[in-house]
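To keep things clear, I will list the structure first and then write my remarks on it.
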Amino acid sequence: MTITPELVPASASFAPATIIEVSHVTKTFVSPDGSPLPVLDDISLDLREGEIVALLGRSGSGKSTLLRCIAGLIAPTSGEVSYRGSPLNGANPGVAMVFQSFALLPWLTVRQNVEIGLEALGVEPAERRQRAERAIDTIGLDGFESAYPKELSGGMRQRVGFARALVVEPDALLMDEPFSALDVLTAQNLRAELLRLWREKDFPTKAMLIVTHNIEEAVILADRIFVLGANPGRIRTEISCTFPQPRHRHDESFQALVDQIYTLMTGPDNRAPAHIWAAKSSADATATDTPLPEASVGGMSGLLEILLARGGDEDLPKLAHELTFEVDDLLPLVDAAQLLGLAEARDADLHITDEGRTYVAANILESKPIFAALARERAPLIRAICNALETTEDGTLGEGFFLDLLRRGFSEDEARAQLHVAIDWGRYGELFDFDVNTGQFSLERHDQPEPSDTGG
Ligand code: ADP
Ligand code: MG
């Protein structure tokens, strides 16, 4: 049976119009050694009138790259972004952006910073001024028109960022972690105010797309949440968030959703490095397919200590909240503990393992060899560095050797970040040392105590 064509327009009129459609977008950069670096993999999503959509993912999952594709600032490698049904060919005419870093021009006043967007559109000076004043009013900056950015607090500067985006009355507002440079209370305040404006009839924008790494922020703001995975960035799941505004973080349904997303983000991902931890067979893992989490040994050990002090078992959102950690800060510590087998995350809870208990209970002298053995066994980059150093005659190698290895799977910055973590872990475990002046890695030789060690 087919639906008669007459019925289609009637039902279609209830569906909110699509503003932006992202269809099978991939983006691949080229790594410094010329090999491809896939950053976005087959992303499809849409943004419709009347909704707030969040793109939630950890740092490096390609959120900013995706937002730049949507804004038309960069072109996808394949796939397409459309605005109101027309494929983009350059900057997206229907959007304005708010950035984490405010991006204000320091030599211009608040009003001039807000007017910039209108200048680019060729709006007459008188109208520019009028519209800028209205936007400044709306966003709560009344009285600060002539102030310079350096005279403003972070929260006020970001208000300028919002005013500058809203003054052009964009069809859709794109935000790249707009609250993450602000302190917790200022961020909460500005978020609530944005929601209040959004609900008002004359808000100039029909939809908002926010990039964030903060789970609670996504659940507070969004009608739909796309959870992104990394390496390469892709959509892991889409979650619809239907409970009414204003939302309260202590409500049961709110907490349940936050827990569900924590579980997802700390759990195994069928295509990300996490599957290797789940399989517990790390023998085949390599330094490029199993990145070291960006966590210091001190940070990870601290987390384990807190966990043990709480009986060895704690709810991750609760831990994050009480430590005033954001997910990007906490999850690398969780990942490190999981990679080494010292803790396990299950259903948004973190459990310490028997090995974890032994590690935390040990004194510093005992804990170092435990850490060293686990790192060598389960952290592929640590194993690769130790193995390579052992094959050389004098037990030393330049960092260039390892950077070349890492550039096959990482961008330059990430490759350096990986080495940075490896140096911290290697030093702590006394597996190897690194000399910043010469850029040389060297094996720690436990069989030849240094003269200064004799004092005991
Ligand atoms: P997020 O915003 O989620 O932190 P990004 O989109 O900034 O992620 O980056 C995703 C990945 O793409 C990172 O690994 C980053 O190093 C890489 N990347 C981003 N821009 C470029 C570029 N211009 N050239 C090479 N790699 C890039
Ligand atoms: Mg980003």
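The values are calculated or read from the model by the stated rules, or taken from the named source; none is laboratory data. Quick caveat: nothing in here was measured; it's all calculated off a predicted structure. All Cβ positions, glycine included, derive from the backbone under ideal geometry; neighbour counts span all protein chains shown.
Quick notes on this one:
- Applying a threshold of 6 Å to beta carbon distances and a minimum spacing of six or more residues, or different chains, the list of pairs starting in the range 300-321 at a residue that is surrounded by fewer than 17 Cβ atoms within 10 Å (Cβ to Cβ) and ending at one that is assigned to a strand (DSSP E or B) and not charged (D, E, K, R) reads 313/351.
- The condition of being assigned to a helix (DSSP H, G or I) and surrounded by fewer than 16 Cβ atoms within 10 Å (Cβ to Cβ) does not hold for residue 356.
- The listed residues are 341, 311, and the only one of them that is more than 25 Å from residue 386 (Cβ to Cβ), in a loop (DSSP other than H, G, I, E, B) and either at pLDDT 90 or above or not assigned by TED's automatic domain parsing to the domain that holds residue 431 (or both) turns out to be 311.
- Every pair of residues 6+ apart whose Cβ atoms lie under 6 Å, when the first sits in the range 63-86 and is in the same structural domain as residue 23 (by TED's automatic domain parsing) while the second is away from ligand 1 (no atom under 16 Å from the Cβ) and among the acidic types (Asp, Glu): 82/21
- The sole residue among 393, 326 that is out of contact with any strand residue (DSSP E or B) (no Cβ under 6 Å at 6 or more places or on another chain) and either at pLDDT 95 or above or within 30 Å of residue 253 (Cα to Cα) (or both) is 326.
- Which listed residue is touching a helix residue (DSSP H, G or I) at 6+ places or on another chain (Cβ under 8 Å), of a type outside the set (Phe, Trp, Tyr) and not in a helix (DSSP H, G or I), from 190, 173: 173
- Per-region count, the range 218-232, residues out of contact with any helix residue (DSSP H, G or I) (no Cβ under 7 Å at 6 or more places or on another chain) and either modelled with pLDDT under 95 or within 16 Å of ligand 2 (Cβ to nearest atom) (or both): 6
- Residue list for the range 142-180, restricted to those being within 16 Å of ligand 1 (Cβ to nearest atom) and farther than 13 Å from residue 193 by Cβ: 174, 175, 176, 177, 180
- Selection within the range 94-127 - more than 16 Å from ligand 2 (Cβ to nearest atom) and closer than 19 Å to residue 182 by Cα: 104, 105, 106, 110
- Qualifying residue in the range 209-218 (condition: in a helix (DSSP H, G or I) and in contact with a His (Cβ under 9 Å, 6 or more places away or on another chain)): yes
- The set of residues in the range 79-100 that are of a type in the set (A, V, I, L, M, F, W, C) and within 16 Å of ligand 1 (Cβ to nearest atom) comprises 81, 97, 98, 99.
- Of all residues in the range 37-56, those that are within 16 Å of ligand 1 (Cβ to nearest atom) and of a type outside the set (Gly, Ala, Ser) total 11.
- Looking only at residues in the range 384-400 that are surrounded by 15 or more Cβ atoms within 10 Å (Cβ to Cβ) and assigned to a helix (DSSP H, G or I), the one that is farthest from ligand 2 (Cβ to nearest atom) is 389.
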